[in-house]
Structures are given as C-alpha cells and as structure tokens.
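Take a look at the structure set out below.
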Amino acid sequence: MKLLVIEDDATTGNYIARGLREEGHVVDLVTDGRQGLIQATGNTYDVLVVDRMLPEIDGLTLLKTLRGTGNLTPALFLTAMGSVEDRIGGLNAGADDYLVKPFAFGELSARVAALARRPQALDQETVLRVADLEMDLLARKVTRAGQEIDLLPREFALLEHLLRRKGRVQTRTMLLESVWDLSFDPMTNVVETHISRLRSKIDRPFDRELIQTVRGAGYRIDG
Amino acid sequence: MSGRMARLWRSMPLRLALLLVMLFSTVSLLSLAASYAVTQASFEQAIRADLAQDMAGFRAAPSARAVAFLVEAESRATDPNRSILSYVTPGGVVYGNGAIARDDEGYHIITLRDAPGDYAGDYLTLTDTLHGGLLTVARSRAEIEALRAGFVNILWISLLPTILIALSGGLVIARRSKRDVEVIGRTLDSLTAGDLSARARIDPRWSDDLRSIGGKLNLMAGAQQHSVEALRQVSSDIAHDLKTPIQRVAVHLDDLERVVPPEGETRELVERAQAEVNGIATVFQSLLQLAQVDSGSPRQRFAPVDLNTLCATMAEVYEPAAQAAGKTLTLHLPDEVLSVEGDRALLGQALANLIENGLRHTPEGAQVEVTLELQPEGSGPDRATAPQLVVADDGPGIPEAERDKVLRRLYRLDSSRNTPGNGLGLALVDSIVKLHGAELRLTDNSPGLRAEIRF
C-alpha cells in the first residue's frame, strides 16, 4: 500500500514510517501541514495518517480542506487529547478513524489496514469460510469439520467480525468498538476472556488453532 | 396555584404596593377624621348660636303669659324631631311641644302631644328662667349625624378605588418583575448547568437597574466562558506537550525491545518500563477525561440512553472475565425499559468502572450483582419514580470513614495498594454521575460494597 504520514514529531513520525515500511508499505513522511496538503493532493495514497497538531496548517483544517476538494482517501487521525469532543471534532472534519497518543504500533498498523480495505462487498457473502470452519450467515449456523458448533449470539458476532477480516489483525479496542459498540479502555482483560471462550468452542476440540494471538496487537483468524 | 400566589406574595413590588395602600389609607382616614371634627364643631357652634338667638327672641316678650302664647304658637309650626320648645310657667303649667324631665340619669325631653315617649336622637338644649318660668329651647343633632354619614361615604368613595388601583397595579408590576427576574434566573441556571454560552436576553423595556444587572451577568458569563475555554486550551496544550514525549519514550522502548534478547533480565526491565509508560498514559487519559466531564460540556451531546441495553451489554462484556477470575456476575433487569438523558459512552464507562471495582477488590468466589430498578423518590402518594443502577458485591467493602475519600482523585485504600488501578476509577464515576444530575451513594452491602446511582 502507499501511505502518507503527516507528523511533526520526528521520533514518532520515523517510528510510524519505519514500522509501516517493515510491513511492506510504501511510506511518504512529511512534517508540516502545508507539505502534507501538497503531498496528499498531488499523489494518490491508500491511507493518510494525520497528526492533529501540526505546524503551518493543523490536522483538522488539512482534513477539511482535503475533503472539500473531493479527496476521500481514508484518514487516520492521531491526537494527544482523546476526549469525546476531540473525537467527534476529528470525525466531523473528515477523519475515518481516530487514535489517541501514546499508542502501540500494533494498534496503528491494524487500524491503517482496516481503513485501507474498508470498501468491501460485505453483504454479498452468505457463507464465510476459513480452513474447515464454515459460518452460514442465513441459517446462523457454524460448523467445523462438519461438526455443528453452538455459539451464543455475541460469540457468533465476534467470530463473524474476525471471519470478515480474515488474515487481518483486530485489536482489542477495535473488537470492543465493532462487536459491542463500546469505546472505552477496560482495565480488565474482557476481550481476552471472550476470545478464550470462543477458542474453547471452535479451536480446542480440533487439532489446528484458527484464532491467532498477535503479540502486542490483537487477534486474527487465519487458515 | 397556591404556590404561585405564595411566590407572588413574597415579591417585592407587591409588598411595596400593599405598604403604600396602608399608608395612603391611614393618611386619608386621619385627614377625613380631622376635617369631620372641625366641621362638626362649627356645626354645633352654629346650632348653639341659633338657640341663643331663639332665646333672645323670647326674652323680648313682656310677660309670662306672652312667652307662653309665643311658645305655644311656635311649637305648633315646629317638628319636634328637629326642634323642641318648652315653657313651664311660674304656676307650673307646661306649654310647647316637649318638656324637660329631670331624673337620676339627667335631662330627658318628653313629648306632650302626638305620641308618648322619648324622641329619638340627641338634642342640643338651652334653658333659662324667664318671667319666673323655665324656658327650654332644643335643636336636634340630626344634621350633624347626617354629616358623619356623608363623611363616611366620602371615605369609601375616595379610598376604595385607590386601594383597588394600587393593588392591581402592584400585582401587574410584581408579575412583570417576576418574569424579568426569571429571565436572569434561567440564564444563571443554564450557566450553572454547564452551558457557558447562555446569556440573558435583555429587554429594552426593562428598568435601568435590571438592565444593568443583566448586562453585568452577561459580561460575567462571557468572562467565565473565555477563561474556561482558555483553561481547556491550556490543558489540551499540556496534554499534547506531555503526551508527545510519553509517546517518544514508548517508541524508544519498542526499539529497545527489538534489540534485547527474548529472555533474560534486560527484557524484563524493558517490559516493566513499557508497563509503567502505559500506566502513565492511562492516568493521563483518565485525568483529561475527568477534567472534560467536570467541565459539563458532554451535556451538549446528551441523548436518551436505554439503561436496560447498556446494563445487559456491560454484564455480558464482563461475565467471562468474572468467571475466569472465579467470581459470579449476575444481572437483574426490570420488565419495563428505563432510559435517561445522557451520554451512553460515559454511562458505560461509569458502569464498567463499578463492575471492575467489584471484580478487582473481591476474593475468589465473590458475587457481583448489577441491578437496574425503578426507585420511588420523594414522599407522598403521588411521588415520582426514578431509575436506579446498583452494583453490589460481597467482598470486604469500604470502611464507612473511607467512603467519601475513595471518590477523591488518586485516593487508594491501604488494603488495595497491591491491586491494579490508579485511584481514578471511582472519582470518574462520581464525576459522570454528577454530570447526569444523578447521585452516587456508597453503602454497606453487609458484607461488601453497594454502589447506587440514583437518577
């Protein structure tokens, strides 16, 4: 993917750029809002990573200007604030997602990946598959190796979310946001315990683990 | 209605109007009484002068026979109700239309003709000896009595409309000033509730003093809004300025993590440092969130929140974690759907903090119960009901003396120093509850802690 990172703090900017490059992306890094706007309008990117506080042109104005010109490149907004107002302000300005500093790289990487593949034909598939696991969305039935697995509604939703994003890391906060519609940071390992329950049903009786833990980031399902 | 009247009664303009009515009535009464006394005195004087003149007329008669003749003639043409004449000759014969009888109680005028008995009313009398006989002339005071009735009528006619006009004027002014003062009151209410953009709409018809108060209120609100915004700006600047270095430390630690061997002391140190940085970031985030909740600004986003769904979601999110820790989390929901005006994310955060508190500070095997119910508030037969959210556990609880302190920021019980947490959880719950105009009560669940949120 081709990504643009607009971040004035050299340490953070380089860290993001290097991390994303290591994942195989092409990354342009600029350090002020004006350059960022010029880069974003003159090139085509898959995802923009924009810091809120930037010299020359701040992140909010940059995004508004960009959206005003019809540029709809998905944008991840970085901010030190993290208040709900701040979040709403960022989303209103045209950001697609939002990340509060300090963040772990795994969280940023997972969210960038989620943004890049956002427009997908979610509704066409009625059967989701990974390896020998099958989820029939119409019959609301899950089978693995031909055996039917009984899931609670929220376990079903959690598995569906992972299956629809097969191979891509989903962080704990991403799962809380999408599966439970909760945007807060729990102190307890709530997501871990839900995953562990799901695993006990779909993985433990079988020889191969489909739900994988990605250290420092989250979970993904893969065959 | 009676309440409204009572409020109106306490209003200043109405009281002033009543005071004026009382003053005016007293002055009117006094001046009327004085002029009545003066007029009455001069009336009496005039009557006495008439009597003296009558007496003088009779004195002109040459003999007792002549006096008797005159009295008899004149009394025939006189109404005894107005005037009475009587002459008692030296021989004891009585002439005239009345006689003066004297007994223990004083003089009485008694009738000689027509009807027997006393004449009604008071008379002014003059008695003198004339040619050896006793002549008495008397005139009725009826005119003076009529004068008094006239004065009383004047009093009513002049006073009643004045009282009515003053009272209704006072009422109208009281109503109007109450309405004007309410405009200022409502503005103050909004400002107190956190809407710092609220301003009093000053009506040009207001009195000068009210306009001046309204203007000053608006100036004050503007200054407050400005300083709160400045404070928010400063705190966001601080947050940015400190969070960026924290982010850098996290970056450096990540870099370090890549180069240290996967096992051993160095790695452990790096991981401990990473955990500390995360802890600092969490405290920072919580403090920022507290400041933001306390500013009252989330009220602008308030919308109806379905508490049943929220409780169910939270209980479901935490249930596996509770089970993994060997504890039981149970949920009790009412049949009807209870909702409040609020911020779903913040209410969820408050509930999460209470549940986490219950799970964290209790031993294995503990019960944590989340209950949503309709609780009566106030008293009386038509008392209202309000939703109440309760999170109760059967753990060690919080000693009564400490219950207020745990709501303070960064306060931790000695007994919980070794459990995770930063001492901001309950403070944030308290702030969120206050933001929603609700009340947080920590009580004894005997054993355990019972946290009640009363909306």
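The values are calculated or read from the model by the stated rules, or taken from the named source; none is laboratory data. Keep in mind that what you see is a predicted model, and the values were worked out from it rather than measured. Every residue, glycine as well, gets a Cβ built from its backbone with ideal geometry; the counts of neighbours run over all protein chains shown.
Within the stretch B:309-336, the set of residues being touching a strand residue (DSSP E or B) at 6+ places or on another chain (Cβ under 7 Å) and surrounded by fewer than 18 Cβ atoms within 10 Å (Cβ to Cβ) comprises B:Ala312, B:Thr328, B:Thr330, B:Leu331, B:His332, B:Leu333, B:Pro334. Is the stretch B:330-344 home to any residue that is more than 18 Å from B:Leu372 (Cα to Cα), within 11 Å of another protein chain (Cβ to nearest Cβ) and of a type outside the set (Val, Ile, Thr)? The answer is no; no qualifying residue exists.
Residues are listed down the side, and each one gets a yes or a no for (1) free of Cβ contacts under 8 Å to residues at least 40 places away in the same chain; (2) surrounded by fewer than 17 Cβ atoms within 10 Å (Cβ to Cβ); (3) touching a Lys or Arg at 6+ places or on another chain (Cβ under 8 Å):
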{"site": "B:Gly215", "(1), (2), (3)": "yes, yes, no"}
{"site": "B:Ala223", "(1), (2), (3)": "yes, yes, no"}
{"site": "B:Val249", "(1), (2), (3)": "yes, no, no"}
{"site": "B:Arg267", "(1), (2), (3)": "yes, yes, no"}
{"site": "B:Ala303", "(1), (2), (3)": "no, yes, yes"}
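Summed over the stretch A:161-213, residues that are over 21 Å from A:Arg117 (Cβ atoms) and of a type in the set (Lys, Arg) total 5. Restricting to the stretch A:206-218, and then to whatever is within 12 Å of A:Asp132 (Cβ to Cβ) and surrounded by fewer than 13 Cβ atoms within 10 Å (Cβ to Cβ), can you tell me which residue is modelled with the lowest pLDDT? Only one residue fits best here, namely A:Asp207.
Could you grab me the full set of residues in the stretch A:60-94 that are within 14 Å of chain B (Cβ to nearest Cβ), exposed (fewer than 14 other Cβ atoms within 10 Å of the Cβ) and aliphatic (A, V, I, L, M)?
A:Ile88
Restricting attention to the stretch B:409-455 and to residues that are in contact with a Gly (Cβ under 8 Å, 6 or more places away or on another chain) and modelled with pLDDT under 75, the residue that is nearest to B:Val293 (Cα to Cα) turns out to be B:Arg409.
Listed by position, the strands (runs of 3 or more DSSP E) contained in the stretch A:5-109 that have at least 1 residues being under 21 Å from the mean Cα position of the chain (by Cα) and charged (D, E, K, R) are A:26-30, A:47-51, A:97-100.
Residue count for the stretch A:21-79 under the criterion of being more than 13 Å from A:Ile6 (Cβ to Cβ) and in contact with a Ser or Thr (Cβ under 8 Å, 6 or more places away or on another chain): the result is 5.
Residues checked against (1) polar (S, T, N, Q); (2) in contact (Cβ under 8 Å) with a residue 40 or more places away in the chain; (3) within 14 Å of chain A (Cβ to nearest Cβ):
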| residue | (1), (2), (3) |
| --- | --- |
| B:Leu191 | no, no, no |
| B:Leu253 | no, no, yes |
| B:Pro262 | no, no, yes |
| B:Gly279 | no, yes, yes |
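Do you know which residues across the stretch B:155-201 are basic (Lys, Arg) and closer than 20 Å to B:Leu32 by Cα? The answer is none; no residue qualifies. The set of residues from the stretch A:169-195 being under 19 Å from A:Leu210 (Cα atoms) and either assigned to a loop (DSSP other than H, G, I, E, B) or at the interface with chain B (Cβ under 7 Å from one of its Cβ atoms) (or both) comprises A:Val169, A:Thr193, A:His194.
Looking at the stretch B:202-213, is at least one residue among the aliphatic types (A, V, I, L, M), part of a helix (DSSP H, G or I) and farther than 30 Å from A:Pro55 by Cα?
The answer is yes, given that some residue of the stretch B:202-213 is among the aliphatic types (A, V, I, L, M), part of a helix (DSSP H, G or I) and farther than 30 Å from A:Pro55 by Cα.
Restricting the first member to the stretch A:1-27 and to residues that are without any contact (Cβ under 8 Å) to a residue 40 or more places away in the chain, and the second to residues that are among the polar types (S, T, N, Q), the beta-carbon pairs closer than 7 Å and six or more apart or on different chains are A:Gly13/A:Thr31. When B:Thr313, B:Thr330 are checked against the criterion of being over 41 Å from the mean Cα position of the chain (by Cα) and in contact (Cβ under 8 Å) with a residue 40 or more places away in the chain, B:Thr330 stands alone in meeting it.
Being modelled with pLDDT of 90 or more, surrounded by fewer than 21 Cβ atoms within 10 Å (Cβ to Cβ), in a helix (DSSP H, G or I) and away from every other protein chain (no Cβ under 13 Å) is not true of A:Leu159.
Residues in the stretch A:24-59 that are charged (D, E, K, R) and within 14 Å of chain B (Cβ to nearest Cβ) were compared, and the one that is surrounded by the fewest Cβ atoms within 10 Å (Cβ to Cβ) is A:Asp58. When the residues of the stretch B:358-375 are narrowed to those that are more than 9 Å from chain A (Cβ to nearest Cβ) and in contact with a helix residue (DSSP H, G or I) (Cβ under 6 Å, 6 or more places away or on another chain), which ends up modelled with the lowest pLDDT? So the residue we want is B:His361.
The residues on offer are A:Thr171, A:Thr126, A:Thr213, A:Thr193, and the sole one that is without any contact (Cβ under 8 Å) to a residue 24 or more places away in the chain, under 24 Å from the mean Cα position of the chain (by Cα) and under 30 Å from B:Leu288 (Cα atoms) is A:Thr193.
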